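Quick notes on the structure that follows.
The values are calculated or read from the model by the stated rules, or taken from the named source; none is laboratory data. None of these values were measured; they are calculated from a predicted model. With ideal geometry, Cβ positions are generated from the backbone for all residues, glycine too; neighbour counts draw on all protein chains shown.
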Amino acid sequence: MKQYFEKYPLAFVTAATFLFIVFSNSAIKDPVFDTEEKKISFLQITGQYEAADKAFLKWLDDKPDEMDVHYKYLHNHFRIAEKKKNEKSENVYRDDRSIREYYTLKLTSQKTEEKDIGFYGLGLLDIMQGDYANALLDFDSVSNRNLKYLNNSVGYILMERNRSKEAEEMFQKEIAQNGYVAGAYSNLGRLYYKSGDSKKLGALLANPKAEKYVPVEIREAYYFRAGNMVQYLREILYETTTHINLFGFLAALLIMGSWMMYLRRIDLFDPIKWGYVFFALGGGMFFLFGAYFLTDFINQFLHFDLNGKLLNDFFYCVVGIGAVEELVKIIPLLFLIRFTNAANEPYDYILYASLSALGFAFVENLKYFDEGSLNIIHGRALAATVSHMFDSSIIAYGLILNRYKRKYNRVLNFLFFFLLAALAHGFYDFWIINKTANAFGLMSIFVLTIGVSMWDTFLNNALNNSEFFDENKLLEAPKLRAYLIYSLSAVLLFEYTALSIKYGPRVADNNLFGSIYGGTYLLIFISSGLSRFKLIKGKWLAFMSFNKNQSVTGEK
């Protein structure tokens, strides 16, 4: 039976997935809600913003004068994607006309309160669409100048127009009338940070009623500038741990464990001790916090950050993200090389670099896997985590070449491969982060596929040139491929199970079916690409050039 598990892993995974779906849909019930508010909260946390839009209209039928509901409805509407593809691959655009008509109709009411809601709704719609001039005209038409949210929204426009003093007055007015206090305090924090008024920002953070509403990134920046490292570290820990939940933690652990065991499986000739494994993993986790420090230094003292412009954002992704993260991830490997004898064969270099990257990605995943983002678990396992390991391995491979193949100046060699790693990292991130480049987001998948092929060659060459090379020890491709398929599929099925338990089988089914295409492609590509090695003692294989269909067990 074991040979069939190794020979037909996709068939068994497909069967297991089918059983999971059947069991989930029969044993778990979809949630039922006794109020529209609870239903909307569920729809939003599961990313069903169009359905939430319709639920908001039903809620507003019962509470037509409730400003809180109108405000949430307007914000929810603009969380719907402006453009998406339908089943026929046609562009479908968000319906902004109907919501505008809804608030325009209120202007015909004889009730002043309803007219005010109409004018405010139109003003907020204008803000969302970037028409600040018309938004101010709409807000000026509101009769009740103490209407909740009004002064905060006016203040927001004034802040965006760099009219700081007037904006501050509007935010303070919103707070004084006990309106939208959270938003007004948050905007005050942004205003003081943007204008560089450290004194006022410090006073705001000293106010226990206000401090919790100021965005955590602004709190971090203030304490970093002020040199208050204790409070700065507290804010970093808060940002990193505030979203930790059971399912997210287990998912992050499963991803790290699956890839860790893969790396151990191909440590064929002189397996490293478990102590070094955990040291590298722990080092990656620990030095992630150094990335916060370097990023804040770049942002606060070099005044270099993302701004939406293509060239700026590309260089920031390479320098402010790629270079920073690759620098901190490689530290555990450099430490082990310098102070221990733990790296005594080429593969050890890639192993420690990859383990450090896994530790780094583990902490990142804890941050990303909040209760509303459990649907990205498989994506992080198949893409982001693999990208982290490949990028760190570029530097490790440079060190391998310099020690085992050709001798160059060690510093220049390190800098060259470090810059390559930063460039690969930044190029992958750029297509995800920049809003304009995001239209070509598949470029990140292209970069990943190239990276997996190159990483495969890194691993193969490192094994080929081990001082402990033993022709009697072989990596069996079917077993390794089966392991990757089963372990990575387990991550996907865990995601499905977590979503089923948390939000019901319908949400889990929709997410699973929506991710099958891209997820299956990456799973098959990665498991195939990282399982077939051509082991030849002393051989340096060219990148992506050797015949992958050749039996690895026959190579001597």
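Points worth noting:
- Restricting the range 497-518 to residues that are of a type in the set (G, A, S) and part of a helix (DSSP H, G or I), the residue that is nearest to S26 (Cα to Cα): S500
- When the range 337-363 is limited to residues that are assigned to a helix (DSSP H, G or I) and either polar (S, T, N, Q) or on the phi > 0 side of the Ramachandran plot (or both), the one that is surrounded by the most Cβ atoms within 10 Å (Cβ to Cβ) turns out to be S356.
- With respect to the conditions (1) farther than 30 Å from I377 by Cβ; (2) at pLDDT 95 or above; (3) not basic (K, R), P215 lacks only one, and its number is (1).
- Exactly one residue out of F369, F427 is surrounded by fewer than 22 Cβ atoms within 10 Å (Cβ to Cβ) and of a type outside the set (D, E), and it is F427.
- Of the residues L474, L484, the single one that is assigned to a helix (DSSP H, G or I) and either surrounded by fewer than 20 Cβ atoms within 10 Å (Cβ to Cβ) or at pLDDT 95 or above (or both) is L484.
- Of all residues in the range 91-125, those satisfying the criterion of being of a type in the set (A, V, I, L, M) and out of contact with any helix residue (DSSP H, G or I) (no Cβ under 7 Å at 6 or more places or on another chain) are V92, L105.
- Flag for S24 being at positive phi and either surrounded by fewer than 17 Cβ atoms within 10 Å (Cβ to Cβ) or assigned to a helix (DSSP H, G or I) (or both): no
- Selection within the range 51-107 - of a type outside the set (A, V, I, L, M), in a loop (DSSP other than H, G, I, E, B) and in contact with a Phe, Trp or Tyr (Cβ under 7 Å, 6 or more places away or on another chain): R79, E82
- Taking the criterion of being of a type in the set (A, V, I, L, M, F, W, C), over 30 Å from E220 (Cα atoms) and part of a helix (DSSP H, G or I), the residues of the range 253-302 that qualify are L254, W259, M260, M261, L263, W274, V277.
- Among the residues of the range 108-135, the one identified as in a helix (DSSP H, G or I) and of a type in the set (K, R) is K115.
- Just one of the numbered conditions (1) in a loop (DSSP other than H, G, I, E, B); (2) touching a residue at least 24 places away in the same chain (Cβ under 8 Å) is not true of Y428: (1).
- Residue that is modelled with the lowest pLDDT [pool: residues in the range 229-252 that are surrounded by 15 or more Cβ atoms within 10 Å (Cβ to Cβ) and not in a helix (DSSP H, G or I)]: H243
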